[in-house]
Structure formats: structure tokens, C-alpha cells
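The values are calculated or read from the model by the stated rules, or taken from the named source; none is laboratory data. Computed from a prediction, not measured in an experiment: that's the story for all the values here. Don't worry about glycine lacking a Cβ; one is built from the backbone with ideal geometry, like all the others, and counts go over all protein chains shown.
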Amino acid sequence: MDTILRRAMETGAGPKYRRLVDGVARAIEAGALAPGEKLPPVRDLAWRIGVTPGTVARAFAILSDEGRVIGEVGRGTFVADPAQRRAAPVATPRRADLPAANWAERRPAPRPAQVEALYIEMPREGDVLFTPRLPDVGQIALVREGLHRAAEADTTVLLNYPGARVQDDLRAAVRGWLPEDMQADLEPGQIVMTNGGQSAIMVTLQALLYDSPPVVLVEELTYPGLSRAAELLSARVISVPMDDEGVLPEALEEIARAEGAQVFFTMPEAHNPTCTLTSTARREAVAAVARKLGLHLVQDDCYRLGPPQGPSYRRLAPELGWYISSMSKAISPGLRVGYAVAPRTMAGRLRRVVDANYYGLSVPMVEVASYVLSHPDTPGLTDAMSARMRAYIEVAVNVLGRFDLGWGKDMPFFWVRLPERWRESRFVQALEGEGIRVRPGEEFGPRDGPAVHAVRVSVNGQMPLERFRAVLERIAWHLDNPPDQGGV
């Protein structure tokens, strides 16, 4: 079966979940999957064919709706008997396929005419709330100026590899952007420039995971890019329980001891995806555990838009605290400029890892990033960016606040825990039917953990605010109207 499914993923048409649906259907028709046969668990199948668990869950939901498989709570998913297969349900017309008058008759409650008009006019490709999108508040003009300056650089500079000192000005500019409690006694060599935040994660893990077997601890839900990076390095990724103040220190210590972990990856300022803010007291307790065990603390601060709300782990545990961030959420993700800050004793090792990977940023990109970060207008522009994004978050809280919502005024996304009768895969599928893309909660969970019945909805600052409001109104409508048969 794996061969059939992998071939379907490689040669099929359409999104990955649709290719998986077609592959399973072909396997059933070919007899490779017999009636009553149990399909692999979602996370197991996702790992075997190289897709996310959310993709498999969505495909299973569609196959269930088509009557090809049957899901049994607590037992798994089984191939349906063709003799008992129910007819596939008649597809509900999608939002954009219905005339305005017809749609008005089908909705449960009237909506303002201007909101309906806004929604009808939305191009399907524009309703992207899958990942944060920044508005242009003037920062792109600075980027363009930086690109012009880079193009005028001396010919010999553009012809040669970057020298050892070429990033000095950029490191100095980055130092000024770090939280104030990190700047004291920080040597320039402790700051390493990377090709975006994901690159910073990768080189940091490479610098740390040199003992065998490598083990990385993460918060109960975590950024999927970290998990993928750790797996590429053959590291085990183990989740640690958390509450509304952050990770549980007692659980962190117990698991770290039992598993021999080297690293704890954490997002105390803007937790992705739940928007949890780790309290100062909790950070101090986590730092105490790290010092006791020699556990390195990697703080990912890529998503924070406003000032920090607590001490950095670099201040609380200088010998063990690492810091990762980027220009992606403050200036533009198109620049692909990030940075990692290492403890003094590990800085040399991190620089060697970077040299082995890519010898540092290209000279033109160093010129652009230095110009933008050191420009006197940039602090005001980032303040304007934060204010603009907060306006979107305020709309989100007003529209969705009656639901189980995780949010923060300086975080460019929010976490929506689904009502009991909604299954995550079906909810995501329902929104996609209207051209609305959100990120499935399943992607943030551990492969062998329980189902995550939630979605992350990101701020799209490139979308007019009223249009953003209208999209959230549609999300609210779906939250209020779960399917009749629930999530079984």
C-alpha cells in the first residue's frame, strides 16, 4: 500500500490531501486494501509517506464522507465493505458558487449587507490566514534603498567571498535590536547571521546535538519547523506538558533526566501556536532546572511584535541560554535574514557550523539588512507595524472572542480551540471549500500524541481590515454550525 500511496503523492494532481484520497481509493479498487482492513494510524502513515498528520487526517475525513472508510472511535479507521457503502453525500455548494440571494436563504442569521458584499467579492486566493502576512507601512521603501546601495558596492567586494569582518556592522545593528537584558557583556562573535529564522534553528541544533543519542525537548505543542529540523539530525523530539503559564518545570526536569535530553526549545514570549506568555516566575523555575541538569535553553523569539514581557533565558542562564530571531515578522520575510546568539563558550562552535553550511550571508544581503536595521526611521516603522497588526488582532477578538480563543496583542496569529462537535480535519476542509486557508492544529502536535482539535488563524495584514473581518465572520459561522454527526 505504501508504494501505491507514495506514487499517488508523487504523480497525482491537486493538493496533497486530494492525492492521498485518490491513492487510497485506487488501493481499495485494486484490492490492495481489503474490506475490513485497518488503515495505519494518522501519524504513522504521515511519517511513512512524508506528509503532515493534518494532510492524512483531512484525507481520511473525505474518504469517510465518500463511504470508502469507516472511522471507529478508539479503534481506528477501516476499509468499508462495498456492499454496505453508503452513497457519497451531495456536495454542499461552495460559498462563491451561490448567488447572493440563495446564500442569504441558507444562512442561519442575517448579516450586514456590506459584509456580505465584501465577502462575495473576495478572490479565493486572497483568503490566506495560514501564515502571518505583514503590511507595508513604509519598510519596503527602505529595503529598496538598501538594494540600490548594495548594487553600487565595490566590484571586488561582489566578486569575492565575504571576508571575516564583512558582517561586523550588521552584528552591531542586530545587537541594538536584542532585548536590553541580553546586551550587557555580549561579544560580537556570539551573534551569528543566518538565512532566516529556520536556518538559525538548524545551525543551533547542529551545534548542540553532538552527543548520542540526540534528544530535543519541546513544549506540548510546538513550531513544526523545529520538529522537522531535529528529525533531519536524527534527534528524538519529546513533548513536555504545559499550562497557561508555560511549560511545567517539574515535568521538564523529570523528562530531561529520564531521556538524557541536551536541549529544550521554547517560545516564552509568543508561543506558536497557542499564544501562551510564559510568566517570569515560570521562566525562573525553568532556568533553575536547566542549570541543575546542564540543559541548553533555545529561546525562539521570531514572532514577538512588541516589547518583551519577561526576562530572556540568556539573562537567567547565560551559560546555557541561546536566542533565535529574524527580520521576517518585523520587516519582511522576503529578506530571509535571521540570527542566533550563542553562550560565550559555544560561540566558536556555532560559527564553525555556519562556515560548514554556507560561509555566512551574501554581501548584498548583509548590505541591505545593515542599512534597514540601522536606519533612523526603522524603529518608528516597526512601531507602526505593531500598531497595524494589533488592529487586526482587535478585530479577531471582537469577532471570535466568544469562542475558546488564545491570543496576544503582540502576536500575529491566534489559536482557536474547536467546539466539541467539530473535528479539525473537517473544519479545515469546510473553510477550504470557501477559499479560506488556516493552519491545522495537528501540525503542531507530536506524532504519537492525542488529536489536536484546534486551528491557528494568522493575521493577513495585506488584506483590507473589513475584508479580514468578513473572513472571520465566516469562520465564526462555521464554529457556530458544526456538522450534524459531529467529529466521528
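Structure summary
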{"item": "Selection count where residues are of a type in the set (Gly, Ala, Ser), modelled with pLDDT under 80 and assigned to a helix (DSSP H, G or I), scope the range 42-60", "result": "3"}
{"item": "Subset of the range 176-219 [aromatic (Phe, Trp, Tyr) and in contact with a helix residue (DSSP H, G or I) (Cβ under 7 Å, 6 or more places away or on another chain)]", "result": "Trp177"}
{"item": "Test: Gly246 is in contact (Cβ under 8 Å) with a residue 40 or more places away in the chain and surrounded by fewer than 21 Cβ atoms within 10 Å (Cβ to Cβ)", "result": "no"}
{"item": "Per-region count, the range 302-325, residues of a type in the set (D, E, K, R) and surrounded by 20 or more Cβ atoms within 10 Å (Cβ to Cβ)", "result": "2"}
{"item": "Scan of the range 387-405 for residues that are surrounded by fewer than 19 Cβ atoms within 10 Å (Cβ to Cβ) and touching a strand residue (DSSP E or B) at 6+ places or on another chain (Cβ under 8 Å), ordered by number", "result": "Val397, Phe403, Asp404, Leu405"}
{"item": "Close pairs from the range 378-407: first touching a residue at least 40 places away in the same chain (Cβ under 8 Å) and closer than 19 Å to Val455 by Cα, partner of a type in the set (Gly, Ala, Ser) and assigned to a loop (DSSP other than H, G, I, E, B), Cβ under 7 Å, at least 6 apart", "result": "Tyr392/Gly461"}
{"item": "Pair list, Cβ under 7 Å, 6 or more apart: the range 4-24 residue more than 16 Å from Thr52 (Cβ to Cβ) and free of Cβ contacts under 8 Å to residues at least 12 places away in the same chain, other residue among the charged types (D, E, K, R) and in a helix (DSSP H, G or I)", "result": "Gly12/Arg19; Gly12/Asp22"}
{"item": "Any hit, the range 448-456, residues being part of a loop (DSSP other than H, G, I, E, B), within 26 Å of Thr55 (Cβ to Cβ) and modelled with pLDDT of 95 or more", "result": "no"}
{"item": "Arg165 being out of contact with any helix residue (DSSP H, G or I) (no Cβ under 7 Å at 6 or more places or on another chain) and outside any helix (DSSP H, G or I)", "result": "yes"}
{"item": "Residues that are among the aliphatic types (A, V, I, L, M), under 30 Å from Gly71 (Cα atoms) and within 19 Å of the chain's Cα centre (by Cα), drawn from the range 398-433", "result": "Leu405, Val416, Leu418, Val428, Leu431"}
{"item": "Any hit, the range 270-280, residues being farther than 26 Å from Leu129 by Cα, modelled with pLDDT of 95 or more, polar (S, T, N, Q) and assigned to a helix (DSSP H, G or I)", "result": "yes"}
{"item": "Residues located in the range 331-353, provided they are surrounded by fewer than 22 Cβ atoms within 10 Å (Cβ to Cβ), farther than 13 Å from Leu142 by Cα and under 24 Å from the mean Cα position of the chain (by Cα)", "result": "Pro333, Gly334, Arg336"}
{"item": "Scan of the range 225-269 for residues that are in a helix (DSSP H, G or I), in contact with a strand residue (DSSP E or B) (Cβ under 8 Å, 6 or more places away or on another chain) and of a type outside the set (A, V, I, L, M), ordered by number", "result": "Ser227, Glu231, Glu259"}
{"item": "Evaluation of Phe413 against (1) farther than 14 Å from Val128 by Cβ; (2) in contact with a Cys (Cβ under 9 Å, 6 or more places away or on another chain) (one fails), failing number", "result": "(1)"}
{"item": "Selected residue (criterion: nearest to Ile201 (Cα to Cα)) from residues of the range 354-383 that are polar (S, T, N, Q) and in a helix (DSSP H, G or I)", "result": "Asn357"}
{"item": "Failed criterion for Ala340 (all others in (1) at pLDDT 90 or above; (2) not in a strand (DSSP E or B) hold)", "result": "(2)"}
